[in-house]
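Below is one structure, written out as structure tokens; comments come after it.
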Amino acid sequence: MSDRKIPDEQHTARTLEAYADTILDGAAAAGALELLRWDATGISQDLDELARLLDEHARSHADEHALPPDGTSPAFEALPPGHRAALVRRLTAPGHPEREFWVLLALFCNMAFDSAAHLHTAEAIAAGHPGLAVMGMRRPDPDGLWRYPDHSYGRPLARLHPDTTPSGSPA
């Protein structure tokens, strides 16, 4: 079975998830494909074409390095991890004519992992989102707000104005 016989949607998913995990191990589990499919990204309608291009580059890379064809997986997914990384370095290098596409795809893969941009933060944390867990994001307080006992700069930035309401709004 060649990689062209895999149903298109599954082929695209497997190719792009392999790309996501090449960019950042765990990005696929963090929902990179879900984020890429979100119409807010502006590239959701182009994912099939990006997967096709990526597999085309992967087949060329495999030929250049005399890698035996897998025949059961999409071409990019079938590359050994080191070869996937080398191909991504080539595609994202300054001067590559498609660089902007591959860098954009990489940025979205990172966003899925380290900000869960496609999910409500509290829900992502409650569900055990892998990227937010690795980063140590804690659950909000019972009222749904995040409060931190330690200030990020080691001191408060400013005192609350005396007329600030309990909700934090200025009076």
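The values are calculated or read from the model by the stated rules, or taken from the named source; none is laboratory data. Computed from a predicted structure; not experimentally measured. Cβ atoms come from the backbone with ideal geometry, glycine included; neighbour counts cover every protein chain shown. Note: accessible area is taken over every heavy atom of the protein model, side chains too, but ligands, DNA and RNA are not part of it. Shrake-Rupley method; radii C 1.70, N 1.55, O 1.52, S 1.80 Å.
Things worth noting here:
- Matching residues, the range 122-152, being assigned to a loop (DSSP other than H, G, I, E, B), open to solvent by less than 100 Å² (accessible area, probe 1.4 Å) and among the small types (Gly, Ala, Ser): Ala127, Gly128, Gly136, Gly144
- The single residue among Glu77, Glu56, Glu98 that is of a type in the set (Asp, Glu), under 17 Å from the mean Cα position of the chain (by Cα) and either modelled with pLDDT of 95 or more or surrounded by 19 or more Cβ atoms within 10 Å (Cβ to Cβ) (or both) turns out to be Glu77.
Listed here are the residues, each with its yes/no results for (1) out of contact with any Ser or Thr (no Cβ under 8 Å at 6 or more places or on another chain); (2) surrounded by 12 or more Cβ atoms within 10 Å (Cβ to Cβ); (3) of a type in the set (D, E, K, R).
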| residue | (1), (2), (3) |
| --- | --- |
| Leu67 | yes, yes, no |
| Asp70 | yes, yes, yes |
| Gly82 | yes, no, no |
| Val88 | no, yes, no |
| Gly154 | yes, no, no |
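- Whenever a residue of the range 85-98 is closer than 14 Å to Arg59 by Cα, its partners that are open to solvent by less than 30 Å² (accessible area, probe 1.4 Å), lying with C-beta atoms within less than 6 angstrom and at least six residues away or across chains, give the pairs Leu87/His61; Leu91/Trp102.
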